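**Student:** Can you read through this structure? Questions will come right after.
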2 protein chains.
Amino acid sequence: MIFAEKAESLPLSSIKIQDSFWFEYIRLVKDVIIPYQWDVLNDRVPDTVKSYCIHNFKVAAGDVKGEFHGAVFQDTDVAKWLEAVAYTLEVYPDKKLEALADETIELIEKAQSEDGYLNTYFTIKEPKCRWQNLMEGHELYTAGHMIEAAVAYYKATGKRRFLDVVMRLADAIDEQFGPEDGKCHGYPGHQEIELALVKLYHVTEINKYLRLARYFIDARGKGENYFLQEEKRPSFKHIFPELRGYDPVYSQSHLPVREQDEAVGHSVRAVYMYCAMADLAYETKDEALMNTCVKLWDNMVNKRMYITGGIGSSGILERFTTDYDLPNAENYSETCASIGLALFGKRMAEITKDASYMEVVERALYNTVLSGIAFDGKSFFYVNPLEVWPDNCMSHTSKEHVKPVRQKWFPVACCPTNISRTLASLGQYLYFQEKNKLYVNLFIPNKTKVILNQTEFNLELKTKFPFENKIELNIKACESKKSAIYIRVPEYARNYYILINGKLYEEMYIEKGYAVIERVFHEDKIEIMFEAPAEYARANPKVRADSGKTAIIKGPLVYCLEETDNGDNLASIYADTGQGLTECYDEEMLDGVLVVLGKGKKIKSFGWEDNKLYKTMKPELEDITFKAIPYCFWCNRQPGEMIVWLKELM
Amino acid sequence: MIFAEKAESLPLSSIKIQDSFWFEYIRLVKDVIIPYQWDVLNDRVPDTVKSYCIHNFKVAAGDVKGEFHGAVFQDTDVAKWLEAVAYTLEVYPDKKLEALADETIELIEKAQSEDGYLNTYFTIKEPKCRWQNLMEGHELYTAGHMIEAAVAYYKATGKRRFLDVVMRLADAIDEQFGPEDGKCHGYPGHQEIELALVKLYHVTEINKYLRLARYFIDARGKGENYFLQEEKRPSFKHIFPELRGYDPVYSQSHLPVREQDEAVGHSVRAVYMYCAMADLAYETKDEALMNTCVKLWDNMVNKRMYITGGIGSSGILERFTTDYDLPNAENYSETCASIGLALFGKRMAEITKDASYMEVVERALYNTVLSGIAFDGKSFFYVNPLEVWPDNCMSHTSKEHVKPVRQKWFPVACCPTNISRTLASLGQYLYFQEKNKLYVNLFIPNKTKVILNQTEFNLELKTKFPFENKIELNIKACESKKSAIYIRVPEYARNYYILINGKLYEEMYIEKGYAVIERVFHEDKIEIMFEAPAEYARANPKVRADSGKTAIIKGPLVYCLEETDNGDNLASIYADTGQGLTECYDEEMLDGVLVVLGKGKKIKSFGWEDNKLYKTMKPELEDITFKAIPYCFWCNRQPGEMIVWLKELM
């Protein structure tokens, strides 16, 4: 592969998402989630676990006396909160919120050690143990999130204070780590800083940050495993006893990264690392690394991904397992992992300009990422099963980790703040630009300004997608100049065509999944039309868990059945896929939703009243009509059973 | 319930099991398993985990210098081995084997402390920690197995040496534990000694052993949980760190036993306790306790038992979970738990003389107990799943505990010796006697002597059951006297009738599942005839895991499909239950087995060659004939996939 110039997201400040499927969530971030999460970080939300995150910074800063509380990576909660604040400020300037962020940054700065080190856990609790337990200490992971937040805040506000803090931190890390003699030859137990350092390099143009990111990626998995070396040291103390007898596969450090060809280990660690690999492959024109990214992507999305864009099928240590092992009720599919999948897919799409990556990104965003948050913005899923039987989600089943209702907060609270920074930065997925080419990736209503061919283009995209499949893109170019607009042709789209100013655009051709419109634009109305009816999907027969089953999809949306609409024992429902599905917009339900009705049968409990467990009697079926709603909206009404993969009448 | 006189097993010495389905296993115990397990206990079997069991006794006895190795309950391996030896000697006297047992008993005696204490782990490794960690130390559990072995050895040989050892041990325990002031008010973390003490009471007629058993049952779960008290002590050291933050439900100590009405916690602990509860209910005419036993049995077998007689559906801590939670691929269903279920069922049947208990006992014995051992007698299943996809039984799935092939030995090796003592004592399940009534429970060929009405009866039972359903029972009574023979009418039997001396016995009536034959016997031939064709069974629709599925059963046997006969991806097979099943005896396969052939369909992989994970295409089905073999015989040929519950074409 020869590296062409990559395409890149437009600045968030240039994109305003409009009233739509997504807008309600983005409004939530600003109006509800950011204030709510600030309260959580300050331990002001009753009836849930305490965060202690701000408390820890105050202690480290010497403002209050006290102990450290929470997980070793507790600092990242405020980092991701600040990152969400930054993205939000970029689109919606807000003096009061900015002042709060500034105060918080001041506190963080005060908690930073003179030598640049920044981590409240180690500063308060284990000051002598800095960098001694990379396997579990999450110091580099935490630093990575700080750097990401600071870069975002700098881009949003132009203020350097936070950026200076993380540059001192990155400098301290650079002094500590590297291939040179006398430096520590370790690498992060939880990848994250690698992609953050690439971001820091982009805003500062300081080469050593890129070099350090590359060192972390290159050193990983080479020679004797660094974490096993750590674990052997007599002074080594486990922070997570469950990791005793460490398995390097868990952190993708079992092999040099270029030799990896299967998505393995902890899924969030994996995708964060793949993001950095893609970044570095492009920045350093490293073909071998890019090929590895392609192989890992293919393995992940073609053999180890749920139809909802969930990854990490094991509830034990949040891991990938084997090809086609996709159990529906006891899986993990962490919200953060799908966010990481979207981040990786976005990078791959930018580099390759191949729309197939955005197909997966869209699937992850519309399903597992969005299901992570409730309509009220105040409760969250960490784990995203495709089938829930609440009575059975109990300790000592394989489903102990599955929460049948969204939680107000978590002892390990990576997901809620990750969702908010993702929603706040959703604009980055909408468009890519490479010189005079504009790529339209997602069908989310927005108003955007972009400079193509030195000319300002004002775009307005209108649609009721994903509930309707008509997209109107109005373009006003200040000067009439030739440009190219690449509009994604989703794999689920049928009879895709484009009208320009009301006339069929016959010159259209498809390039890597994008419909190319190359012309002189002035004031034009582009209408993108396709069909994406609700339909039944099936999994590869090698997926034992979905064998003989069918899921309902409509465009990027996966649908599910809930107990509240369909009664209990959803596992006993058969879809009669010979009969069609009916789409029906319900304005009342869930603030307006396209429900899908299907025909099928349900196993009757008739004949089992005697409470026997086994009989020879064949069960009787009764005709039913079932109602499905988008998976991302599940559990916003009565809690209860939920199912994605229905049995199919054969 | 008013307690009538209970029925009891005949002495093992009076029963000789003949050539049959079971005989090969019983021969194995004598000729292969006992010698093999002796080699294991002496660390002479290569390529497997070392037992160190005999080594530990030698160290404790002062015969060799060394450390303790193995699990805290390692002593029980030799105890259960001796118990199996005792049962075997009772039927097949063998001087050489008896001499080896005597030597072993001498070693055990030498390892006993002067005060009667006997446990090599605590004697060698933690002499100051006796009785300090009842939660995890397994001292009372280990003592229980020693007592059971000694009672069996005394009954088999009449030799008192071992019995004296365990009486000193039991006396020491009685001095330590009890409701009196100054005694420890604890109870076993793993129940077992309770039922053993009842056995010791029966052979010694010493009341205090019964009293001690009753104390342990009565004290359990009352007041502040004893194990939580232990865990709070500053000196408390965990032996099993995974039990930190102890859950009393795990050991059924969360409630007084009489208040328990659901089978919960660790399944082996549960059923061993239920055995003792049934024993004590009968011995002390305790109706409340008996009612509790009935409730627990009903909950267990009607809501929490696999069709194979497996119990304990959770792979996490080998536990019961919730009603109808019976996952097939990630379950535990420990072999020992099914043995315990059989022991409990036998006791309930003896007390109630209700054949329905034996129905479950038979199911457990023919399926999960028997599947625990390979045809060669040298490898064992601990975990008994109903569906195995070997590639997926790996660390970090919910199936890490599932071994797709039988193992030579285990670090925790309770099951292999439990299987051998169960096979060696199989005779105890065949007949029960109450005064002049003889109950015939199982259809296993045998020759037996029994005294009914002061007259010796010689019985010979001939059958090819479970592959054929004609049972011939020849009776020779020395004197012609009136007696009653109760012959079990299995729930799976159709068109059951009895011929006596070639003529239909029309006076037959059914009492609690037994066909009663009351007459003057002299030299009579009783023929028991019924139909029990291979047929399709279904689970209660509340069992989500089996919803829309069907299993093949024939009499007590559950059948399964193996990859070696049916290709891979067994999950993609549908049974066409509208078409019949064909039974076919195959002399070559598996040393002679009745295979069952069925018609069905299999999902074709056609159309998935492009390796996509999800599509809208409906899969195509192809017609197949599938071959099923008894579940207990699975994995005696090529290892591979196995499945019990097939999808049913609806």
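**Student:** Would you calculate a helix-derived [θ] at 222 nm for chain A, using -39,500 (n - 2.57) for each DSSP H run of n ≥ 4 and dividing by the full residue count, to the nearest 500? Present the calculation step by step, with values, prior to reporting the outcome.
**Tutor:** Values: 17 runs with 205 residues, N = 650.
Here the helix-only value at 222 nm equals -10000 deg cm²/dmol.
**Student:** Check the straight Cα-Cα distances from residue A:470 and name the aspartates and glutamates below 12 Å, setting aside those fewer than 8 residues away within the same chain.
**Tutor:** Filter leaves A:527, A:531.
**Student:** If the reach is capped at under 18 angstrom between alpha carbons, list the lysines near residue B:237, excluding any in the same chain fewer than eight residues apart.
**Tutor:** Partners found: B:125, B:128.
**Student:** Sticking with this one: Can you give me the distance in nm between label points at residue B:31 and residue A:95, each placed 7 Å from the Cα along the Cα-to-Cβ direction?
**Tutor:** The two pseudo-label positions are separated by 9.7 nm.
**Student:** Could you calculate, for the protein assembly as shown, the ratio of the Cα radius of gyration to the Kirkwood radius, expressed as Rg to Rh? Write out the running numbers ahead of the final one.
**Tutor:** On the way: Rg = 34.8 Å, Rh = 34.1 Å.
Rounded to two decimals, Rg over Rh is 1.02.
**Student:** Okay, next question. When ranked by the protection proxy of mean other Cβ atoms within 10 Å per residue, highest first, what sequence do the peptides B:422-433, B:451-462 form? Don't skip to the answer; put the middle values down first.
**Tutor:** Working: B:422-433: 23.4, B:451-462: 17.0.
Highest mean packing first, the order is B:422-433, B:451-462.
**Student:** Moving on to the next point. With solvent modelled as a 1.4 Å probe, how much accessible area in total do chains A and B shield from it at their shared surface, in Å² to the nearest 100?
**Tutor:** Values: alone 25570 and 25560 Å², together 45500 Å².
Interface between A and B: roughly 5600 Å².
**Student:** With charges only on Cβ, +1 for K and R and -1 for D and E, what is the dipole size of chain B about its Cα centre, in debye, rounded to 20?
**Tutor:** Working: 79 positive and 96 negative charges, 60 e Å.
Computed about the Cα centre, the dipole is about 280 debye.
**Student:** Also, I was wondering about something else. Assuming R0 = 35 Å, what is the FRET efficiency of residue A:43 and residue A:175, from their Cβ-Cβ distance, to the nearest 0.05? Display every interim value, and only then the final one.
**Tutor:** Details: r = 35 Å, r/R0 = 1.00.
E between residue A:43 and residue A:175, to the nearest 0.05, is 0.50.
**Student:** Suppose a student asked you for the relative contact order of segment A:23-249, using Cα pairs under 8 Å spaced at least 6 residues apart; what percent would you report?
**Tutor:** Numbers: 305 pairs, mean separation 39.8, N = 227.
So the answer I get is 18 percent.
**Student:** Count neighbours as other Cβ atoms within 10 Å of each site's Cβ, and list the trypsin sites (Lys or Arg not before Pro) in segment A:231-261 that are DSSP loop with at most 15 such neighbours. Provide the component values of the computation, followed by the final result.
**Tutor:** On the way: sites: A:232, A:237, A:244, A:258; in loops: A:237, A:244.
Here the sparse-neighbourhood loop sites are A:237, A:244.
**Student:** Considering every residue in A:391-404, what mean count of other chain Cβ atoms within 10 Å of its Cβ is obtained? Write down the numbers at each step before the final one.
**Tutor:** On the way: counts 5, 8, 1, 4, 7, 16, 11, 13, 6, 2, 0, 0, 0, 0.
Shielding by partners across A:391-404 averages 5.
**Student:** Sum up the charges of everything whose Cβ sits under 9 Å from the Cβ of residue A:521, counting Lys and Arg as +1 and Asp and Glu as -1, but leave residue A:521 out.
**Tutor:** Values: positive: A:476, A:481, A:482, A:519; negative: A:523, A:524.
With Lys, Arg at +1 and Asp, Glu at -1, the neighbours total +2.
**Student:** Can you find, among A:640, A:613, A:560, the residue farthest towards the positive end of the dipole of segment A:535-648? Put +1 on the C-beta of Lys and Arg, -1 on that of Asp and Glu.
**Tutor:** Positive-most Cα among the choices belongs to A:613.
**Student:** Per residue of A:319-330, count partner chain C-beta atoms within 10 Å of its C-beta, then hand back the mean as an integer. Show your work: numbers first, answer last.
**Tutor:** Details: counts 3, 1, 8, 7, 3, 5, 7, 1, 7, 0, 4, 4.
Taking the mean over all residues of the peptide, I get 4.
**Student:** Among A:69, A:238, A:212, whose Cα sits farthest toward the positive end of the charge dipole of segment A:23-249 (+1 at Cβ of Lys/Arg, -1 at Cβ of Asp/Glu, about the Cα centre)?
**Tutor:** Final value for the positive-end residue is A:212.
**Student:** With every protein chain left in place, what is the accessible area of residue B:358 in Å² (1.4 Å probe, nearest 10)?
**Tutor:** So the heavy atoms of residue B:358 present about 0 Å² to solvent.
**Student:** Since chains B and A are linked by a rotation, which residue in B has the beta carbon closest to its axis, and how far is it in Å?
**Tutor:** Rotation axis B onto A, closest Cβ, rounded to whole Å: B:398, 2.
**Student:** OK, next. In debye, nearest 20, what is the charge dipole magnitude of the protein assembly as shown about its Cα centre with +1 on Lys and Arg Cβ and -1 on Asp and Glu Cβ, if you could check? Please list the in-between numbers first.
**Tutor:** On the way: 158 positive and 192 negative charges, 1 e Å.
It comes to approximately 0 debye.
**Student:** Count neighbours as other Cβ atoms within 10 Å of each site's Cβ, and list the chymotrypsin sites (Phe, Trp or Tyr not before Pro) in segment B:565-616 that are DSSP loop with at most 13 such neighbours.
**Tutor:** Working: sites: B:574, B:585, B:606, B:608, B:614; in loops: B:606, B:608.
In loop regions of segment B:565-616 (DSSP not H, G, I, E or B), the sparsely surrounded chymotrypsin sites (Phe, Trp or Tyr not before Pro) are B:606.
**Student:** Listed here are the pairs A:155/A:447; B:303/B:462; B:549/B:599; B:159/B:462; B:208/B:437; which of them are more than 25 Å apart at the Cα? Spell out each step's value before the answer.
**Tutor:** On the way: A:155/A:447 20 Å; B:303/B:462 35 Å; B:549/B:599 15 Å; B:159/B:462 34 Å; B:208/B:437 32 Å.
Pairs exceeding 25 Å: B:303/B:462; B:159/B:462; B:208/B:437.
**Student:** Could you do me a favour and compute the accessible area per residue for the protein assembly as shown, 1.4 Å probe, result in Å²?
**Tutor:** Values: 45500 Å² over 1300 residues.
Here the per-residue accessible area is 35 Å².
**Student:** Right, something else. Return the carbon/sulfur percentage of the accessible area of segment B:535-648, one whole number, probe 1.4 Å, all protein chains in place. The partial results should precede the final answer.
**Tutor:** Details: 1760 of 4050 Å².
Exposed carbon and sulfur together represent 43 percent of the surface.
**Student:** Net charge near residue B:334: determine it from the other residues with C-beta under 13 Å of the C-beta of residue B:334, scoring Lys and Arg +1 and Asp and Glu -1.
**Tutor:** Values: positive: B:269, B:319, B:403; negative: B:318.
Once positives and negatives cancel, what remains is +2.
**Student:** Same structure again: Take the Cα pairs of chain A, get the Kirkwood Rh, then feed it into Stokes-Einstein at 37 °C and 0.692 mPa s and tell me D in µm²/s.
**Tutor:** Details: Rh = 25.8 Å.
Stokes-Einstein gives a translational diffusion coefficient of 127 µm²/s.
**Student:** Picking from A:360, A:328, A:81, whose Cα lies most toward the positive end of the charge dipole for chain A (charges on Cβ: Lys, Arg +1; Asp, Glu -1)?
**Tutor:** Sorting the options by dipole projection puts first A:360.
**Student:** Taking a 1.4 Å probe, which of B:391, A:586 shows the most accessible area, and what order do the others take after it?
**Tutor:** B:391, A:586
**Student:** Where the only charges are on Cβ atoms (+1 Lys, Arg; -1 Asp, Glu), what is the dipole of segment A:338-459 about its Cα centre, to the nearest 20 debye? Walk me through the numbers on the way to the answer.
**Tutor:** Details: 14 positive and 10 negative charges, 69 e Å.
With Lys and Arg at +1 and Asp and Glu at -1, about 320 debye.
**Student:** In peptide A:606-616, what is the residue-averaged number of other protein chain Cβ atoms found within 10 Å of each Cβ? Please report the intermediate quantities before stating the final value.
**Tutor:** Numbers: counts 1, 3, 5, 0, 2, 5, 5, 15, 15, 4, 9.
For this peptide, the per-residue mean of nearby foreign Cβ atoms is 6.
**Student:** As a test question: what accessible area, to the nearest 10 Å², does residue A:24 have when a 1.4 Å probe is rolled over all protein chains in place?
**Tutor:** 90 Å²
The values are calculated or read from the model by the stated rules, or taken from the named source; none is laboratory data. All figures in this text were calculated on a predicted structure; none of them were measured in a lab. Cβ coordinates were reconstructed from backbone atoms using ideal geometry, including for glycine residues, and neighbour counts include every protein chain displayed. Ligands, DNA and RNA are stripped out before the accessible areas are found, and what is left, the full protein with its side chains, is counted by its heavy atoms. Shrake-Rupley method; radii C 1.70, N 1.55, O 1.52, S 1.80 Å.
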